[in-house]
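The values are calculated or read from the model by the stated rules, or taken from the named source; none is laboratory data. Everything numeric in this text was worked out from a predicted model, so none of it was measured. Cβ placement follows ideal geometry from the backbone for every residue including glycine, while neighbour counts extend to all protein chains displayed. Side chains are part of the model used for accessible areas, which takes the heavy atoms of the whole protein and leaves out ligands, DNA and RNA. Shrake-Rupley method; radii C 1.70, N 1.55, O 1.52, S 1.80 Å.
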Amino acid sequence: MTITRTSNTVTTRDGTTIYFTDWGHGPAVVFSHGWPLQGDAWEDQMMFLAGHGYRVVAHDRRGHGRSSKTWHGNHMNDYADDLAQVIEALDLNDVTLVGHSTGGGEVARYVGRHGTGRVKGAVLVGAVTPQMGQSDANPNGVPMSVFDGIRAGVKADRAQFFKDLTGPFYGFNREGAKDSQGMRDTFWLQGMQCSLRAAYECIKQFSETDFTEDLKKMTVPTLVIHGDDDQILPIDTTARRAVELLPQGRLLVYEGGSHGLAYTHKDRLNADLLAFLRA
């Protein structure tokens, strides 16, 4: 099959429909979201950058949001290939790729598989790179028992599991934190639009995939942004290791920052993204 598109969807070569939002005019910025969310998780950054002269595009990963709820293709290579086909279908060049959490891995794997021919720069926000889970190559990673627990929670009662996850995700479980039921509800709403199959299968991808070689191929300027109180992805085993592998990497630490920086630190993140784009 060939790639086809409408005003807000791309149908990939394997027949999967990928939904996307495309706002503004100017240099292109393409966003990849975290698990189990969708492109709208970047809405604050997209609104801001579109108002400052940029074209912003965010897609819903297959199985997530408004994209096809496929049984197949829930693999990091497929996620990266879907991203490549969205970029190709929209004929985007000199793109800045921005990825959060699982989306950061998606960005790295995109470069690993498709190169930097269309890419000007990249930003990894609270990303899973170079590897989240514990392995022989990553002995200080998160123990696999944690991800087994996530799988069990998703299978048993994912609606409640997603509600409970919002505490550590946004740091609302910290003393003195300003809680937001709205943020919690938005996370839950987006998470429940992800299919059970995709939510379950993606856990293996974000926890076990090793992005070491992908990061080494990211020869474009790359900004790594991470909260030092990220309870989902500890900074020492992710961002601090990632920046050492990136040929042109720079680390920006948000003191006290949670995993959900796009919401909890949106003003600072917006400003840092704009500064990086203008540099």
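So is residue 63 at positive phi and either under 18 Å from the mean Cα position of the chain (by Cα) or open to solvent by less than 10 Å² (accessible area, probe 1.4 Å) (or both) or not? Yes.
Among the residues here, residue 86 does not qualify as more than 19 Å from residue 195 (Cα to Cα), β-branched (Val, Ile, Thr) and either out of contact with any Lys or Arg (no Cβ under 9 Å at 6 or more places or on another chain) or not in a helix (DSSP H, G or I) (or both).
Annotation note: of 159, 122, 127, 137, the sole residue that is assigned to a helix (DSSP H, G or I) and among the small types (Gly, Ala, Ser) is 159. Here 37, 49 are screened, and the one residue that is open to solvent by less than 30 Å² (accessible area, probe 1.4 Å) and over 21 Å from residue 105 (Cβ atoms) is 49. Number of residues in the stretch 217-228 that are farther than 22 Å from residue 164 by Cα, touching a strand residue (DSSP E or B) at 6+ places or on another chain (Cβ under 8 Å) and open to solvent by 20 Å² or more (accessible area, probe 1.4 Å): the value is 1. So is residue 81 more than 19 Å from residue 225 (Cβ to Cβ), surrounded by fewer than 24 Cβ atoms within 10 Å (Cβ to Cβ), in contact (Cβ under 8 Å) with a residue 40 or more places away in the chain and among the charged types (D, E, K, R) or not? The answer is yes for residue 81. Looking only at residues in the stretch 2-24 that are within 12 Å of residue 88 (Cα to Cα) and not charged (D, E, K, R), the one that is farthest from the chain's Cα centre (by Cα) is 2. Out of 150, 232, one residue alone is aliphatic (A, V, I, L, M) and touching a residue at least 60 places away in the same chain (Cβ under 8 Å). It is 232.
Per-residue answers, yes or no, for (1) of a type outside the set (Gly, Ala, Ser); (2) assigned to a helix (DSSP H, G or I); (3) within 20 Å of residue 224 (Cα to Cα); (4) in contact (Cβ under 8 Å) with a residue 12 or more places away in the chain:
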| site | (1), (2), (3), (4) |
| --- | --- |
| 1 | yes, no, no, yes |
| 34 | no, no, yes, yes |
| 37 | yes, no, no, yes |
| 46 | yes, yes, yes, yes |
| 74 | yes, no, no, yes |
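When the stretch 168-216 is limited to residues that are farther than 23 Å from residue 136 by Cβ, among the polar types (S, T, N, Q) and part of a loop (DSSP other than H, G, I, E, B), the one that is most open to solvent (accessible area, probe 1.4 Å) turns out to be 173. In the stretch 153-167, of all residues being aliphatic (A, V, I, L, M) and more than 20 Å from the chain's Cα centre (by Cα), the one that is most open to solvent (accessible area, probe 1.4 Å) corresponds to 156.
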